Structures are given as structure tokens and as C-alpha cells.
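The values are calculated or read from the model by the stated rules, or taken from the named source; none is laboratory data. Quantities reported herein were computed from a predicted structural model and do not represent experimental measurements. Here the Cβ is made from the backbone with ideal geometry for all residues, glycine too, and neighbour counts use every protein chain on show. Accessible surface areas use protein heavy atoms only, side chains included; no ligands, DNA or RNA. Shrake-Rupley method; radii C 1.70, N 1.55, O 1.52, S 1.80 Å.
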Amino acid sequence: MTDKLLENKAHGTTNSFVEKFQDYLGEFVYGGIDGSITTFAVVAGSVGAGLDSSIIIILGFANLFADGFAMSIGAYLSSKSEKDNYEKHKKIEYWEIENLREKEIEEIREIYQAKGFEGELLEQVVQVIISDDDRWVDVMMKEELGMIESDKSPFKIGAITFISFIVLGFVPLLIYVLDYFNKLEANLLIWSSILTLVAFGIIGYLKGVVNHKNKLSSTISTILMGVVAALVAYYVGDFLEGLVG
């Protein structure tokens, strides 16, 4: 096995799909988790309240697009805010290098002294870093401020979050939509539950990939989380239906 393959395996990116979409896989996973769980909670709660299938579809789609849009906007604004904050501090570091040069040189020296560099080697390292302003600022951003620039697009983050929320959030509604167009002789909630559990399993597996955790454990925990949310929604709906019925 080549060094590159060994490195990819260590980082969990040996799969070509994962390697290609790793940057935005996290947004897809967490958008999907939120979409499927909240929509299934709406479905379960509506069934618990004894609502008609057509009402369940309306409430489900309202949740899909309203919550999906809100979540994607939140993800976009959060990412953009981080980028704006990074750029603000980057400009400050350039200003400090230009106007407080000796102080900034001393800060570089202190940073690398703390890493164990000393004597002539320390001075060589300092001179190499301060010989290029871009390199200097990059070091200060990482070592002094603990900030690393993200190359992820805020727009793509928002778009992928929205798409994932809609696609995976639609799964609990699928059987109700099919029933609306062609009446099915089946227990719709059971089939919705089965389809949603499959979606939870896929999301859980992908969550394990993103977090570099045990895939089976991640899958099971995500399924259990969805089941708990559904049971809570169902019995709350049933309880409220009993109060107002």
C-alpha cells in the first residue's frame, strides 16, 4: 500500500465518494438528521392526534420547507460570519506587522521558544517567517489566534444543508404522498416508520464516516435517537388530542 493510501486510510478517506465530498459531507449528514427527525416527528405527532392524511402531508411539507430554509440560512450566515471574522483579524495582523513590527517579531520568537526552539535555530526560524509578510500573518493567525481559514463556500454549505433536509426529510412523507394519489391498503405509519428507520441508518453510517467513529455504533445511536423523537411526538399528539377531543 502506498504512503498516500496509508495516509488516506488514517484519515478515513479511502473511499472515493468520501474523498470527493468529504468537505461538505458533514452539512449533508446533519441537515439530513434534522430533516428526517423533525418531519417524522410531525408525522407521528399528527397520527397520534388522529389527523387526516391530507393534513399530515400539508403539515409535513410546511415543516420541510420552512425549517429547511431556516436551517440552511442559519448554516450560510454562520459560515459567512466565520469567514468575515477571519478576514477582519487577518487585516489587523497585517496592520500590526506594518506598524508594530518589533512587537510582532518578539511574539513570533516567544511562540517558537514555547515549542522548544532556542539559540541560533530559533533566530533562523524567526527570520524565515518574518521574511514574508503573508507567511508571517498566516503563522500569527494559526499560532497566536488559533484561527484557520476555511476554504468551504458559505453558499454551498447552505445549499447542501437545504437539499439534504428536503430530500431526507421527505422520506417519512413518501408513503402518505403515494397513498394520496393511489389509495394503499397498508398501515401508513408503520411503512413511514420503516422507511424513516432506513434513512436514519444511512445517515448514522455517514455520521460515523464524518466523525471517524465506529459505523455500526453511529448507525444504531442515530436510529435510537429518531425512535425516541418519534415516540415523544406520537404520545404528545395523542395526549393533546385527548385534551381537545
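Just a few scattered comments:
- Each residue of the range 160-167 was assigned a 3J(HN,Hα) from its phi angle through the Karplus curve 6.51 cos²θ - 1.76 cosθ + 1.60 (θ = phi - 60°); the sequence is 5, 4, 5, 4, 5, 4, 5, 5 Hz, with glycine and proline shown as x.
- The modelled label-to-label distance for the pair Asp134/Leu231, using points 7 Å beyond Cα in the direction of Cβ, is 5.7 nm.
- Taking θ as phi - 60° and the Karplus parameters 6.51, -1.76 and 1.60, the scalar couplings of the range 37-45 work out to 5, 5, 5, 5, 5, 5, 4, 5, x Hz in sequence order, x denoting glycine and proline.
- Selection among Ile163, His212, Trp95 by position relative to the dipole of the chain gives Ile163 as farthest towards the positive end (Cβ unit charges, Cα centre).
- Helix 215-244 axis, angle to the chain major axis (alpha carbon atoms, nearest 10°): 50 degrees
- With contacts taken as Cα pairs under 8 Å and at least 6 residues apart, the chain reaches a relative contact order of 39 percent.
- FRET efficiency for the Leu77 to Asn211 pair, using the beta carbon distance and R₀ = 30 Å, is estimated at 0.80.
- Working note: 222 nm ellipticity from helices only, DSSP H runs with n ≥ 4, each -39,500 (n - 2.57), summed and divided by the residues of the chain, gives -28500 deg cm²/dmol to the nearest 500.
- Farthest toward positive dipole pole in the chain [+1 Lys/Arg, -1 Asp/Glu at C-beta], among Gln127, Ser81, Gly45: Gly45
- Largest accessible area first, the listed residues His212, His89 line up as His212, His89 when surface is computed with a 1.4 Å probe on the assembled protein chains.
- Annotation: aspartates and glutamates with alpha-carbon distance below 18 angstrom to Lys213 (same-chain offsets under eight excluded): Glu7, Glu19, Asp23, Glu27.
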